[in-house]
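Q: A single structure is presented below for examination.
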Amino acid sequence: MVQLRKLKKQRLIFYKSLQPIYSPALKEKIYFTSEGFKHLIYESSGSPRVSAEQYLKLMYLKYVPDVIQECRAVSKIRVDKSNGIKWFELIHKAKGFGPVRVVVKKKS
C-alpha cells in the first residue's frame, strides 16, 4: 500500500506536467484534466479501483503521450446521448512496449 501511495504521488506530478498534445486520430489537442487523473484511481461510480488496477493504470501512464501523438485512427467510439459525452479509444504500440489503450473523453 505504501508503494502504491508513492506511485500515485509520482504519477500525479508527471500528469500535472503534461501539456496539451495534438492527436492525429482526433485532429485536435487533448488536455489532461484533474478528472482524467481521478479516473485512474476511481471507478465512474466513485468507488476506488482495486489496488492492482490502480497500479497498472498508473504504470501505463508514462506511455499515454506517445499513444496520443502516434495513433492515427480511433479504435472505438462510445456515445452517451443523454449527456452528450463521447469516449474515443486509441490503441498504439508504445515504444519498447506492447499495445497501450488510451480512452479520451469529450463533452459536447
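The values are calculated or read from the model by the stated rules, or taken from the named source; none is laboratory data. Keep in mind that what you see is a predicted model, and the values were worked out from it rather than measured. Note that each Cβ is placed from the backbone with ideal geometry, even for glycine, and that neighbours are counted across all protein chains shown.
Q: Among the residues of region 82-95, is any of a type in the set (Phe, Trp, Tyr) and touching a Lys or Arg at 6+ places or on another chain (Cβ under 8 Å)? Show your work before the answer.
A: Here is the first cut: in region 82-95, the ones of a type in the set (Phe, Trp, Tyr) are 87-88.
When the remaining residues are screened for being touching a Lys or Arg at 6+ places or on another chain (Cβ under 8 Å), the result is 87-88.
Yes, region 82-95 has at least one match.
Q: Taking residue 68 as the residue in question, decide whether it is under 12 Å from the mean Cα position of the chain (by Cα), outside any helix (DSSP H, G or I) and surrounded by 11 or more Cβ atoms within 10 Å (Cβ to Cβ).
A: No.
Q: Something else about it: How many residues are aliphatic (A, V, I, L, M) and exposed (fewer than 10 other Cβ atoms within 10 Å of the Cβ) when one looks only at region 1-18?
A: Of the residues in that region, 3 qualify.
Q: In addition: Report yes if some residue within region 73-81 is closer than 16 Å to residue 15 by Cα and surrounded by 11 or more Cβ atoms within 10 Å (Cβ to Cβ); otherwise report no.
A: no
Q: With the requirement that a residue be assigned to a loop (DSSP other than H, G, I, E, B) and surrounded by 11 or more Cβ atoms within 10 Å (Cβ to Cβ), what does region 34-63 give you?
A: To start, the set of residues in region 34-63 that are assigned to a loop (DSSP other than H, G, I, E, B) comprises 43-47, 49-50.
Across region 34-63, the qualifying residues are 43, 49.
Q: Okay, next question. Any idea which of 74, 100, 79 is touching a residue at least 40 places away in the same chain (Cβ under 8 Å) and over 15 Å from residue 27 (Cα atoms)?
A: Numbers: 74 fails: over 15 Å from residue 27 (Cα atoms); 79 fails: touching a residue at least 40 places away in the same chain (Cβ under 8 Å).
Exactly one residue qualifies, and that residue is 100.
Q: Picking from 42, 31, which residue would you name as being touching a Pro at 6+ places or on another chain (Cβ under 8 Å), farther than 24 Å from residue 3 by Cα, free of Cβ contacts under 8 Å to residues at least 40 places away in the same chain and not acidic (Asp, Glu)?
A: Numbers: 42 fails: farther than 24 Å from residue 3 by Cα.
Checking each option against the conditions leaves just 31.
Q: Of everything in region 35-58, what is within 15 Å of the chain's Cα centre (by Cα), at pLDDT 95 or above and of a type in the set (Ser, Thr, Tyr)? Give them in sequence order.
A: Result: 42, 55.
Q: Out of 30, 21, I need the residue that is under 21 Å from residue 74 (Cβ atoms), hydrophobic (A, V, I, L, M, F, W, C), touching a helix residue (DSSP H, G or I) at 6+ places or on another chain (Cβ under 7 Å) and surrounded by fewer than 16 Cβ atoms within 10 Å (Cβ to Cβ). Which one?
A: None of the other options fit; the residue is 21.
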